[in-house]
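J.: One structure coming up, written as structure tokens, with questions to follow.
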Amino acid sequence: MKMEDFEVFFKEIGSYLWMICLGVMGGTVNYVSRIRRDSKLKFSIIELLGEWFASGFVALMTAYACLYLEFNFPLTAVMCGISGHLAGRIVYMLDTHGQRLLETAIKKLTK
């Protein structure tokens, strides 16, 4: 591999890591605001780590979607931060929608 190829590779990795970090920051804001809103909730490192994992994953998927749609870098960064903030809701919506699609497909196949 040429040195230029390594430079391009590490620039891309750095960009993806930055998008994941933006998503994690959005997830942290979501978690902290949820705890402040509900006095019954207490801080839990396990829940925070789960929020970070989900937020980072959703932000990475958002970055891939933005790359496919040829969005510019600043818009992609904004989308990753917002999707990280909404990660739990996005995963829930995709899960319920996916279940409905699967159930519909299974019903059509078993008829």
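The values are calculated or read from the model by the stated rules, or taken from the named source; none is laboratory data. Source: prediction; values computed, not measured. In this analysis, Cβ positions are derived from the backbone assuming ideal geometry, glycine residues included, and neighbour counts consider all displayed protein chains.
J.: Against the condition within 14 Å of THR28 (Cα to Cα) and surrounded by fewer than 17 Cβ atoms within 10 Å (Cβ to Cβ), how does GLY50 come out, does it pass?
T.: So GLY50 passes the test.
J.: Test of understanding: among SER39, SER33, which residue is exposed (fewer than 14 other Cβ atoms within 10 Å of the Cβ), part of a helix (DSSP H, G or I), of a type in the set (S, T, N, Q) and modelled with pLDDT under 95?
T.: None of the others qualify; the one that does is SER33.
J.: Moving on. Here is a list of conditions, (1) touching a Lys or Arg at 6+ places or on another chain (Cβ under 8 Å); (2) exposed (fewer than 10 other Cβ atoms within 10 Å of the Cβ), and TYR68 meets all of them except one; can you say which number that is?
T.: (1)
J.: Do we find that GLY88 is farther than 13 Å from LEU22 by Cβ, touching a residue at least 12 places away in the same chain (Cβ under 8 Å) and of a type outside the set (A, V, I, L, M, F, W, C) in this structure?
T.: Against the criterion (farther than 13 Å from LEU22 by Cβ, touching a residue at least 12 places away in the same chain (Cβ under 8 Å) and of a type outside the set (A, V, I, L, M, F, W, C)), GLY88 qualifies.
J.: How many residues are closer than 21 Å to THR28 by Cβ, assigned to a helix (DSSP H, G or I) and either hydrophobic (A, V, I, L, M, F, W, C) or within 9 Å of the chain's Cα centre (by Cα) (or both) if we restrict to the stretch 67-87?
T.: Within the stretch 67-87, residues that are closer than 21 Å to THR28 by Cβ, assigned to a helix (DSSP H, G or I) and either hydrophobic (A, V, I, L, M, F, W, C) or within 9 Å of the chain's Cα centre (by Cα) (or both) number 10.
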